[in-house]
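Written out below as structure tokens is the structure these notes cover.
The values are calculated or read from the model by the stated rules, or taken from the named source; none is laboratory data. Keep in mind that what you see is a predicted model, and the values were worked out from it rather than measured. Here the Cβ positions follow ideal geometry from the backbone for every residue, glycine too, while neighbour counts run over all protein chains shown. For the accessible areas, the whole protein counts, side chains as well, though only heavy atoms, and no ligand, DNA or RNA atoms are used. Shrake-Rupley method; radii C 1.70, N 1.55, O 1.52, S 1.80 Å.
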Amino acid sequence: MSTVIKIENLFKEYRLGVIGHDTLYRDMQSWWAMVRGKEDPNTLIGHKRNNSTEDHILALDDINLEVKNGDVFGIIGANGAGKSTLLKILSRVTAPTSGTVKVKGRIASLLEVGTGFHPELTGRENIYLNGAINGMYRKEVSRKLDEIVDFAGVEQFLDTPVKRYSSGMHVRLGFAVAAHLEPEILVVDEVLAVGDAAFQKKAIGKMQDVSSAEGRTVLLVSHNMELIRKLCKRVVVLSKGTLAVDGLPEDSINQYVGGIYREAGKYGIVKWENPKEAPGGSIVTLRSVCSKNTKGEICSEFTLREKILIQVEFSVLSDDYQICNTIGLVCISSKTHTPSGEFYVLDNYIEGEWGRQKPFKKGLYVSALEIPGDLLNEGIYSIIIDPFLPPADPDSSYQIRKHNALSFEIVDNFDPESARGSFPYDWQRGGSGYLIRPKLKCITKRIEE
């Protein structure tokens with residue numbers, strides 16, 4: 001397939017605050033560099049450690065990309081990563097500070113609600129206006145008019161000024177115009193989130209048709225990972241203006257979402273030095289939670305075959321209470337990016353007759369949970385601490401209900417001695433993710449000739 005978009009050494013720099021430098025000298029420096037066709041000495045580009053560049057910010061930092069004809073190309077990343085800036089440069093809304101962007105074919109862009117619409121013009125007039133902006137003749141737009149109006153579902157309001165349209169109507173009409181005016185490249189930036197479920201389904205179907213049936217290219221920015229996974233053939237992750245990941249949808253999404261949870265979680269050990277700030281009630285308070293390897297070292301990452309030790313220290317503040325500690329694990333699915341499974345373990349309180357165990361005295365206690373190797377699947381796990389006061393029901397007598405107390409990660413090192421054996425592919429196939437991956441004995445043999 002031929003290349004329809006080629007981006008080389010792309011930078012986009014914005015200056016913070018007012019336009020102009022602090023001094024006439026720096027203004028003259030920049031002007032003289034521009035006259036000579038040289039790089040601005042007061043820019044961040046090529047001078048990232050220059051203290052004189054604190055009033056600049058790089059929205060895009062040395063981006064290099066190629067997009068093939070017919071691709072559905074996804075762009076994901078956190079807010080402020082540079083996604084919309086990149087699409088605006090591709091759509092010629094703004095110019096790059098440095099670098100080259102080569103585009104083959106017409107681009108139709110849907111960057112935000114109401115983009116390209118004149119509020120005083122009617123829906124019909126705006127359809128023709130957008131067609132003209134995209135280089136189409138009036139006859140071409142007229143041939144598509146009925147199809148556009150039917151897709152958008154705004155026939156009743158076609159001759160009403162669009163300033164009276166709701167945000168959903170804006171999106172429906174804008175997408176319908178962009179998708180039906182036969183651009184070689186369709187650029188969509190998160191606006192489908194405004195539409196209702198029925199329209200989103202229709203829009204997804206249209207983007208699939210545009211790519212597969214009509215052989216055109218779609219660039220899609222969205223925070224909806226399921227939409228990205230369903231539509232895209234290739235996905236890039238932008239992070240603080242740089243290209244962090246470029247690969248297959250599953251790989252890019254997993255790395256992006258895994259990075260979010262890694263940044264948000266607390267790893268290794270969490271301590272509450274001040275009892276007044278520690279989670280707990282009048283009888284039990286937490287002191288610390290940690291995860292350790294078999295050597296007794298604080299650790300936040302384990303392989304599939306490693307044994308994991310979770311230790312929870314807590315203080316008992318009153319005598320003669322029965323206490324049962326619950327430790328729970330919640331796995332964050334790398335497929336759906338939501339809790340995909342959980343389980344809870346009770347401490348040794350349950351070994352005697354329920355409600356007749358020896359009561360606790362004041363002091364410091366530790367609960368230790370040992371998780372064997374070859375049990376949990378790869379993923380990020382969040383620990384829940386939930387001590388309660390038997391013989392009452394846990395829901396009515398808990399002292400602490402601490403979610404996300406600590407996190408740890410299990411990684412797949414493709415060890416052939418694990419449950420994987422010689423299987424070389426992604427274990428979590430099918431999209432939902434799996435909580436456990438136990439190594440069990442499974443034998444197949446012939447029983448009859």
Checklist entry - Within the range 359-381, is there a residue that is farther than 17 Å from I269 by Cα, of a type in the set (D, E) and more than 37 Å from the chain's Cα centre (by Cα)? => result no
Next on the checklist: Name the single residue that is farthest from V93 (Cα to Cα) among those in the range 108-127 being open to solvent by 60 Å² or more (accessible area, probe 1.4 Å) and assigned to a helix (DSSP H, G or I).
Outcome noted: R124
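So that you can scan it fast, the table gives a plain yes or no per residue for (1) among the aromatic types (F, W, Y); (2) modelled with pLDDT of 90 or more; (3) over 21 Å from T326 (Cβ atoms):
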site: L346; (1), (2), (3): no, yes, no
site: I350; (1), (2), (3): no, yes, no
site: S367; (1), (2), (3): no, yes, no
site: L376; (1), (2), (3): no, yes, no
site: I385; (1), (2), (3): no, yes, no
site: P394; (1), (2), (3): no, no, no
site: S397; (1), (2), (3): no, no, no
site: K441; (1), (2), (3): no, no, yes
site: R446; (1), (2), (3): no, no, yes
Next on the checklist: Could you go through the range 249-262 and let me know if any residue there is open to solvent by 50 Å² or more (accessible area, probe 1.4 Å), at pLDDT 80 or above, basic (K, R) and out of contact with any Gly (no Cβ under 9 Å at 6 or more places or on another chain).
Outcome noted: no
Next on the checklist: Whether any residue in the range 75-88 is buried (at least 16 other Cβ atoms within 10 Å of the Cβ) and charged (D, E, K, R) is what I want to check.
Outcome noted: yes
Next on the checklist: Looking at C331 and the list (1) open to solvent by 20 Å² or more (accessible area, probe 1.4 Å); (2) within 26 Å of I253 (Cβ to Cβ), which single condition is not satisfied?
Outcome noted: (1)
Checklist outcome for this item: If we keep only residues of the range 399-410 that are touching an Asp or Glu at 6+ places or on another chain (Cβ under 6 Å) and touching a residue at least 60 places away in the same chain (Cβ under 8 Å), then the residue least open to solvent (accessible area, probe 1.4 Å) is I410
Checklist outcome for this item: For the range 276-328 the number of residues that are of a type in the set (D, E) and either under 30 Å from the mean Cα position of the chain (by Cα) or open to solvent by less than 40 Å² (accessible area, probe 1.4 Å) (or both) is 2
Checklist entry - Name the pairs whose Cβ atoms lie under 7 Å apart, with the first residue in the range 67-86 and more than 15 Å from N224 (Cα to Cα) and at pLDDT 85 or above, the second part of a strand (DSSP E or B) and among the aromatic types (F, W, Y), and 6 or more positions between them or separate chains? => result V67/F73
Checklist entry - Within the range 343-353, which residues are open to solvent by 30 Å² or more (accessible area, probe 1.4 Å) and of a type in the set (S, T, Y)? => result Y344
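Listed here are the residues, each with its yes/no results for (1) in contact (Cβ under 8 Å) with a residue 40 or more places away in the chain; (2) open to solvent by 30 Å² or more (accessible area, probe 1.4 Å); (3) of a type in the set (V, I, T); (4) over 30 Å from E301 (Cβ atoms).
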position: G341; (1), (2), (3), (4): yes, no, no, no
position: G355; (1), (2), (3), (4): no, no, no, yes
position: K358; (1), (2), (3), (4): no, yes, no, yes
position: I371; (1), (2), (3), (4): yes, no, yes, no
position: L376; (1), (2), (3), (4): yes, no, no, no
position: G379; (1), (2), (3), (4): yes, no, no, no
position: S382; (1), (2), (3), (4): yes, no, no, no
position: I385; (1), (2), (3), (4): yes, no, yes, no
position: A392; (1), (2), (3), (4): no, yes, no, yes
Next on the checklist: Based on this model, can you work out whether E190 counts as on the phi > 0 side of the Ramachandran plot, open to solvent by 30 Å² or more (accessible area, probe 1.4 Å) and among the acidic types (D, E)?
Outcome noted: yes
